[in-house]
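Undergrad: What follows is a single structure, and I will ask about it in a moment.
The values are calculated or read from the model by the stated rules, or taken from the named source; none is laboratory data. Everything quoted here is computed from the prediction, not taken from an experiment. Don't worry about glycine lacking a Cβ; one is built from the backbone with ideal geometry, like all the others, and counts go over all protein chains shown.
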Amino acid sequence: MTNETNGPTAPENVLGEITRRLATIAPDEFAKPDGKIEKTDHVVGTIMDDDLKRLYTLFILTHEDTRKAVARGKTILFEILGKRIPNNPIEVLTILSKDQEGVHLLEKSQDEFLRLDRFSDLVKDLFWLQVRRRFPDLMSKPSIGIRENWVICWTEDASPHIEILDLNAMSPGFAELFGQRVH
């Protein structure tokens, strides 16, 4: 984007976007946590206020935005590759080297994914920080969760029940299009 006087137009301010999007979420639109309370969960309380429920809903919505960006990137990649699945990375690079327009679309898709993923991570971190502030006993707990009926808990379980799955990054590049995160 550009404007006539100042060159490139700056994207929306991050805090402004969060504030704007939170303001559009009505109580009847709240995402409802559906995880069941497990034997290893230690319940500490229930979220009652709408502001935190809005933040949770935005967290879910931004995660879905990221998932959609991954799907768009996969579609672009498969359109470039055609019907056949390459056997190795060299074959992928050979095919990509013959389609610069496709590569440009793929790079734009990757940029969109990274922008959405980082924004989603920020919203997620804000949500969990606010939960920890609301329930101070959770500050030192490494694994906290939200369950159905807005129940907040922590667990000692070595494999915590995670509402949204975060995958660790392998490397920059095409990995993001297959569900891998870049930090």
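Undergrad: If a residue must be at positive phi and in contact with a Leu (Cβ under 6 Å, 6 or more places away or on another chain), how many such residues does segment 50-98 contain?
TA: Within segment 50-98, the first condition is being at positive phi, and the residues that meet it are 82.
Right, trim to in contact with a Leu (Cβ under 6 Å, 6 or more places away or on another chain) and you get none.
Summing the residues that are at positive phi and in contact with a Leu (Cβ under 6 Å, 6 or more places away or on another chain) in segment 50-98 gives 0.
Undergrad: Which ones in segment 93-113 are within 27 Å of ASP65 (Cα to Cα) and either buried (at least 16 other Cβ atoms within 10 Å of the Cβ) or of a type in the set (A, V, I, L, M, F, W, C) (or both)?
TA: LEU96, GLY102, VAL103, LEU105, LEU106, SER109, GLN110, GLU112, PHE113 - these are the residues of segment 93-113 that are within 27 Å of ASP65 (Cα to Cα) and either buried (at least 16 other Cβ atoms within 10 Å of the Cβ) or of a type in the set (A, V, I, L, M, F, W, C) (or both).
Undergrad: Just to verify a result, which residue in segment 23-48, among those that are farther than 13 Å from ASN149 by Cβ and of a type in the set (Ser, Thr, Tyr), is surrounded by the most Cβ atoms within 10 Å (Cβ to Cβ)?
TA: Filtering first and then ranking leaves THR40.
Undergrad: Another question about this same structure. For residues that are touching a residue at least 60 places away in the same chain (Cβ under 8 Å) and of a type outside the set (Ser, Thr, Tyr), tally how many sit in segment 52-65. Show your work before the answer.
TA: Just the residues of segment 52-65 that are touching a residue at least 60 places away in the same chain (Cβ under 8 Å), to begin with: 52-53, 55-56, 58-60, 62-63.
Then keep just the ones that are of a type outside the set (Ser, Thr, Tyr); that gives 52-53, 55, 58-60, 63.
Result for segment 52-65: 7.
Undergrad: Ok, one more. For segment 49-66, enumerate the residues that are over 13 Å from LYS124 (Cβ atoms) and surrounded by fewer than 16 Cβ atoms within 10 Å (Cβ to Cβ).
TA: ASP49, ASP50, ASP51, listed by residue number.
Undergrad: Which condition number in (1) in contact with a strand residue (DSSP E or B) (Cβ under 7 Å, 6 or more places away or on another chain); (2) farther than 29 Å from ASP125 by Cα is the one that GLN100 fails?
TA: Of (1) in contact with a strand residue (DSSP E or B) (Cβ under 7 Å, 6 or more places away or on another chain); (2) farther than 29 Å from ASP125 by Cα, only one is false for GLN100: (1).
Undergrad: Ok, one more. Given the residues ARG72, ARG20, which is the only one that is surrounded by fewer than 13 Cβ atoms within 10 Å (Cβ to Cβ), in a helix (DSSP H, G or I) and not aliphatic (A, V, I, L, M)?
TA: ARG20
Undergrad: If only one of TRP128, TRP154 is part of a strand (DSSP E or B) and either at pLDDT below 90 or under 28 Å from LYS53 (Cβ atoms) (or both), which one is it?
TA: Sole residue among the options that is part of a strand (DSSP E or B) and either at pLDDT below 90 or under 28 Å from LYS53 (Cβ atoms) (or both): TRP154.
Undergrad: Additional query: Among what's in segment 9-48 and is without any contact (Cβ under 8 Å) to a residue 12 or more places away in the chain and of a type in the set (Asp, Glu), pick the residue that is nearest to LEU126 (Cα to Cα).
TA: So, considering only residues that are without any contact (Cβ under 8 Å) to a residue 12 or more places away in the chain and of a type in the set (Asp, Glu), the one nearest to LEU126 (Cα to Cα) is GLU12.
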